[in-house]
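Inspection log for the structure reproduced underneath, given as structure tokens.
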Amino acid sequence: MTDWPHWIALPVMLPLFAAALMLPLERLRPRWVPALSLLSTLALLAIALRFVWQQQAGGAPVEAYLVGNWRAPYGIALALDRLSALMLLLTALVALASCVYALAGDAARGLHFHALFQLQLMGLNGAFLTADLFNLFVFFEVLLAASYALLLHGDATGRRARLKAAIHYVSFNLAGSALFLIAVALLYGLTGTLNLADLARELPLLGAADAALAQAAALLLLTVFAIKAALLPLYFWLPEAYAAATAPVAALFALLTKVGVYAILRTTTLVFGADGGAVALVAMPALPLLALATLALGAIGALAATRLRGLVGYLVVGSAGTLLLAVGLHRHDTVAAGLVYLVNSTLAAAAWFLIADRIAAARALGDALRPAPLRGDSRALGAAFFTAAIAMVGLPPLSGFLAKAMLLQAAGATEWATSVVVVVLFSSLALLVALARAGALLLWEGGVAAPTSTTAPARPVQALAIALALAAVIGVAVGAGPMTAYAAATADQLFDRRAYIAAVLGRTPVAPAFDVRREMRERGELPR
């Protein structure tokens with residue numbers, strides 16, 4: 001256990017308190033709000049680095065925190081393991097780049113940007129830490145409610161496109177939320193618990209009479225997570241929504257699909273894994289098949305895109321397909337490869353949305369994939385475009401190549417070997433062609449125009465935000481050895497669910513500092 005037991009709750013509480021403090025500051029001291037948002041995000045990064053270091057250094061494999069000091073499964077519990085620590089760090093890195101980019105003026109294009117930004121971080125961090133299925137639903141709703149407002153955030157330019165995308169986005173997710181509640185109610189009716197560790201213990205004990213209902217509840221729950229993860233045929237809301245959002249919002253939205261991937265990975269290893277009884281491996285073999293189709297259609301969508309932001313949206317869809325393929329194959333080595341790819345693809349996608357915004361600002365035609373003069377110096381944008389393209393396609397020397405190579409090698413021992421090799425290589429080639437074509441049209445064929453008085457040069461914080469995201473991508477490649485070792489250890493921990501169950505259900509409440517009942521008995525207020 002950490003020297004201070006409340007560290008685990010800080011990633012949830014810190015952005016919540018920051019958001020609450022920002023609301024009055026917006027009227028009283030508006031200049032303080034961006035600084036407070038940046039400070040809160042930096043603090044989250046420091047906490048996440050501490051968690052990852054602690055897990056890597058051989059601390060407690062899984063640490064549980066009892067909110068309200070009630071023993072699980074009767075109270076709310078948070079759990080920190082290798083996977084949740086990694087997701088917290090990834091969230092903090094993407095949030096830092098997005099927050100820095102927003103300092104250039106994007107935050108001022110609407111109301112309450114930084115407060116909503118922090119509330120979405122609260123929802124993301126809570127989803128990665130919660131050990132309870134109902135509270136996973138609660139944190140989903142927190143991050144989704146913030147994302148609804150952030151999607152509409154912006155000035156009059158593009159308002160119609162944002163509103164149209166928001167209608168589709170909200171409709172899909174509201175339907176998913178309703179299905180989530182139905183699945184939760186079914187599981188609670190069958191087992192009498194919603195604690196993930198307790199569900200993992202109770203579901204294998206169900207009788208044959210409840211098997212079909214349990215399988216229906218499990219499939220319904222995984223369908224909800226598939227909506228969040230943008231799995232075929234539930235991904236159609238994503239390219240339009242991400243293309244319509246402002247750059248820092250879209251960069252932060254790169255994490256939303258990863259919440260769905262995380263939920264599928266957590267439940268298919270802990271609750272619906274090989275030891276799940278009637279719900280054991282309930283998503284197989286549909287999950288790898290749908291993941292392959294998602295990956296292929298994401299690549300085709302990227303080839304057919306007419307705008308750079310739309311192309312980036314399909315890159316996110318393709319990356320979700322690759323991640324769910326790694327999860328769906330349900331092997332230690334495929335999950336380890338998927339975790340390496342998860343970090344690389346999320347950071348690269350966040351960088352892509354920021355780069356697309358700068359390219360659109362420097363061209364007369366915005367981000368339309370047609371030749372047009374590029375105002376100003378194109379060298380920095382070209383270098384950023386090239387680096388992000390290598391990362392997303394999966395070319396050496398960046399870690400996307402390593403992750404795909406690990407995935408292909410691991411998939412060779414499965415019955416899906418041929419399909420995986422064909423689809424992964426086809427999609428990589430298609431993405432390479434799509435990005436090469438986009439680069440030629442955006443940065444080469446149009447030429448470079450002389451700056452004019454109306455040209456809006458990139459602000460230093462925008463360049464800094466893109467540099468931070470790309471530096472993180474390069475840093476993952478430089479630290480490929482420790483990263484792959486951490487991913488392999490995380491996969492082993494996920495498939496050995498006994499440690500998670502023992503940590504959550506075995507966590508004892510902290511002894512009270514004051515025995516209220518004893519004091520009341522001494523005063524005669526309670527019988528002795």
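Bear in mind that the values in this text are calculations on the coordinates, not laboratory data. Since we're looking at a predicted model, the values are computed, not measured. Virtual Cβ from ideal backbone geometry, glycine too; neighbours counted across all protein chains shown.
Some observations on this one:
- Working note: 222 nm ellipticity from helices only, DSSP H runs with n ≥ 4, each -39,500 (n - 2.57), summed and divided by the residues of the chain, gives -23000 deg cm²/dmol to the nearest 500.
- On full extension, the segment bounded by ARG50 and THR418 gains 128.4 nm, given 0.36 nm per residue less the C-alpha separation.
- Test item: Cα-centred dipole of the range 1-97, Lys/Arg +1 and Asp/Glu -1 on Cβ, debye: 260 debye
- Scattering profile of the range 340-452 at q = 0.20 Å⁻¹ [log10 I(q)/I(0), Debye over alpha-carbon scatterers]: -1.01
- The distance from the alpha carbon centre of the range 300-334 to that of the range 402-429 is 14 Å, rounded to a whole number.
- The spread of Cα positions in the chain, taken along each principal axis and listed from longest to shortest, comes to 88, 62, 43 Å.
- Projecting the Cα positions of ALA46, VAL100, SER84 onto the charge dipole of the chain (unit charges on Cβ atoms of Lys, Arg, Asp and Glu, taken about the Cα centre) puts VAL100 furthest along the positive direction.
- Cα lying deepest toward the dipole's positive end in the range 103-201, options THR157, SER177, PHE134, charges on Cβ: THR157
- Candidate cross-link partners of LYS228 among the lysines, defined by an alpha-carbon separation under 22 Å and a same-chain spacing of 8 or more, comprise LYS164, LYS258.
- Radius, Kirkwood style, for the range 282-378 when every pair of distinct Cα atoms is counted (Å): 14.7 Å
- Diffusion of the range 386-428 by Stokes-Einstein, at 37 °C in a medium of 0.692 mPa s and with Rh set to the Kirkwood radius over alpha-carbon pairs, works out to 308 µm²/s.
- Cα-centred dipole magnitude for the chain, charges only on beta-carbon of K, R (+1) and D, E (-1), debye, nearest 20: 1100 debye
- Cα-based helix-to-principal-axis angle, 480-495 vs the chain, degrees rounded to 10: 40 degrees
- Here the Debye sum runs over all C-alpha atoms of the range 133-267 as equal scatterers in vacuum, and log10 of I(q)/I(0) at q = 0.11, 0.14 Å⁻¹ comes out as -0.44, -0.65.
- Between LEU464 and ARG498, the FRET efficiency estimated from the beta carbon spacing at R0 = 41 angstrom works out to 0.35.
- With respect to the chain, whose longest principal axis is taken over its alpha-carbon atoms, helix 332-361 is tilted by about 40°.
- Counting only alpha carbon atoms, the long axis of helix 133-152 and the longest principal axis of the chain meet at about 30°.
- Contour excess over end-to-end distance, with Cα ends at ALA293 and ALA211 and 0.36 nm allotted per residue: 26.6 nm
- Antiparallel DSSP beta bridges within the chain, as percent of all bridges there, nearest 5: 80 percent
- Farthest towards the positive end of the charge dipole of the chain, among the residues ALA146, LEU402, LEU203, is the Cα of ALA146, using unit charges on the Cβ of Lys, Arg, Asp and Glu.
- Relative to the current alpha-carbon distance between ALA185 and VAL510, full extension at 0.36 nm per residue lengthens the span by 113.9 nm.
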